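Visitor: Input: one structure, supplied below.
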Amino acid sequence: MSISPKVTPIYQTSVFTFEDLNALEAYFEIPGQSYLYSRNGNPNTDELAEEVNQLESGQGAVATSSGMSAILTAMLVYCQSGDHVLCAEEIYGGSAALLTQELTRMGVQVSFVPMGEMYSFGNYVQANTKVLLVETISNPMMTVLDLAKVAEECQKHGVKLVVDNTFASPVITKPLELGAEMVIHSVTKYLSGHSDVTAGVVVAKETADAQRAKQIVVAWGLNLSPFDSWLAARGLKTLKLRIRQHSENALALATYLQNHSKVSEVYYPGLPDHPQHALASAQGKGWFGGMLSFRIKDEVETVNRFMRGLSHIPFAPSLAGVVSSISYPLGTSHRALTEEQRAKLGISTGLIRLSVGIEEAEDLIADLEKALDAI
């Protein structure tokens, strides 16, 4: 009688052993059939990568140590010194900092494209432009891009489209099916889902790009640990259920906030008056995710009173866990931007980002109401 585990064991080892020299040579002759060193590959990291690869309909993927290392890997697949990268103006502040502070040190030029010009960015393209980096749903203003249109523009100019799909997840949108060449995720967020893992993943449309990404991860030491891979793979099993509940709760909270006298604006694609609501409905299969932002009176002390008034929604500089949390883009995710950049994007003192969890929506609304009453 054969016995096999229902759940993949944790291969918590840094190195694998070989019977003899013949076995070692076989490893190099047939890559992927065995393992050598966990930086080069591990059953747990490979399982996570392949599961996300299937979710995104890719041709290969590699797990990385964080969402930031996933972005770096994607850039290194397509760029080298002397090349030029385009990036959407509305993007996670850490991504912008990586491009402008680190990639430029490697001799790569970076330019930012305003969101209103994403479908006709030809004026920003140079002879050495290689990549355009965008987010499916922008952080923190929740702008939704028509990825098929962006992909058409990229193809016109010979530019590779790389999409950060963290806010949407493949449950809502699959960028590779809409023309992207590569998708990255901060697995730390929705894919893992439980705020106990720091991880990333890169998924490619072409096998050769996936293989190059794997080479970069191995060479730069950007690999993910076996245990974190195992935790993230476990989280993936409930992804669809969680995204559905995140979305339902977020719509309920966005609707409540939109009707509150102390809230001036709410940014959530699921609201009928959101500028890209129709696009988000079509591109997102009817779900809109668990992220929203809203604006209250632009005074630091007002924001502080609101935060102190919350009992069950913690203030945390991250997102997408099963437990709701709030964040402050001005002081956390977009702190690295200049004051001028933040003002241009609308990231002001009163802007609050809300990551809606899977708790009872009525309880979350009650907590928000108590905190808004404290203003």
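The values are calculated or read from the model by the stated rules, or taken from the named source; none is laboratory data. Because the structure is a prediction, the values reported are computed rather than measured. Neighbour counts are summed over all protein chains in view; Cβ atoms, including those assigned to glycine, are modelled from backbone coordinates with ideal geometry. Accessible surface areas use protein heavy atoms only, side chains included; no ligands, DNA or RNA. Shrake-Rupley method; radii C 1.70, N 1.55, O 1.52, S 1.80 Å.
Visitor: Which order do the peptides 95-101, 20-26, 257-263 take when ranked by the mean count of other beta-carbon atoms within 10 Å per residue, highest first?
Guide: 95-101, 257-263, 20-26
Visitor: Most fluctuating residue of VAL356, VAL218, VAL162 in a GNM of the chain with Cα springs under 10 Å: which is it?
Guide: VAL218
Visitor: Go through ALA371, TRP230, GLY94 and say which Cα lies farthest out towards the positive end of the charge dipole of the chain; charges sit on Cβ, +1 for Lys and Arg, -1 for Asp and Glu.
Guide: The one lying farthest along the dipole's positive direction is ALA371.
Visitor: So, one more: How much of the calculated P(r) for region 274-375 lies past 20 Å, in percent of all Cα pairs?
Guide: So the pairs more than 20 Å apart make up 45 percent of the total in region 274-375.
Visitor: Another question about this same structure. Accessible area of the chain with a 1.4 Å probe: how many percent of it is carbon plus sulfur?
Guide: About 51 percent, which is the carbon plus sulfur part of the accessible surface.
Visitor: Something else: Please go through the residue pairs LYS189/LYS262; LYS160/LYS205; LYS174/LYS285; LYS149/LYS240; LYS149/LYS344; LYS297/LYS370 and name each one whose alpha carbons sit more than 19 Å apart in this structure.
Guide: Long pairs (Cα-Cα over 19 Å): LYS189/LYS262; LYS149/LYS240; LYS149/LYS344.
Visitor: OK, next. For a test of the definition: using alpha carbon positions, the gyration tensor, and the 1.5 limit on a/c, classify region 1-157 as rounded, prolate or oblate.
Guide: It comes out prolate by the Cα gyration axes.
Visitor: Compute the projected area of the convex hull of the Cα atoms of region 184-228, averaged over all viewing directions, and report it in nm² to one decimal place.
Guide: 3.4
Visitor: Measure off 7 Å from each Cα along the Cα-to-Cβ vector at GLU362 and VAL323, then give the distance between these two points in nanometres to one decimal.
Guide: Between GLU362 and VAL323, the simple spin-label model gives 2.3 nm.
Visitor: Determine the per residue accessible area of region 91-242 with all protein chains present and a 1.4 angstrom probe, expressed in square angstrom.
Guide: Dividing the accessible area of region 91-242 by its residue count gives 36 Å².
Visitor: By its C-alpha gyration tensor, with a ≥ b ≥ c as the square roots of the eigenvalues, how is region 84-215 shaped: rounded for a/c under 1.5, else prolate for a/b larger than b/c, else oblate?
Guide: rounded
Visitor: Another question, then. Report, in degrees rounded to the nearest 10, the 0 to 90 angle that the Cα long axis of helix 147-157 makes with the longest principal axis of the chain.
Guide: In the chain, helix 147-157 runs at an angle near 60 degrees to the longest axis.
Visitor: Could you tell me how many degrees, from 0 to 90 and to the nearest 10, lie between the Cα long axis of helix 207-220 and the main elongation axis, the longest principal axis, of the Cα atoms of the chain?
Guide: Roughly 90 degrees between the two axes.
Visitor: Kirkwood Rh, region 1-90, all Cα pairs: how many Å?
Guide: Final number for the Kirkwood radius of region 1-90 is 16.3 Å.
Visitor: In the Gaussian network model of the chain, springs joining C-alpha atoms below 10 Å, which of ASN139, ASN40, ASN123 carries the largest mean-square fluctuation?
Guide: ASN123
Visitor: Could you order peptides 181-188, 364-371 by the average number of other Cβ atoms within 10 Å of their residues, highest first?
Guide: Packing proxy ranking, top to bottom: 181-188, 364-371.
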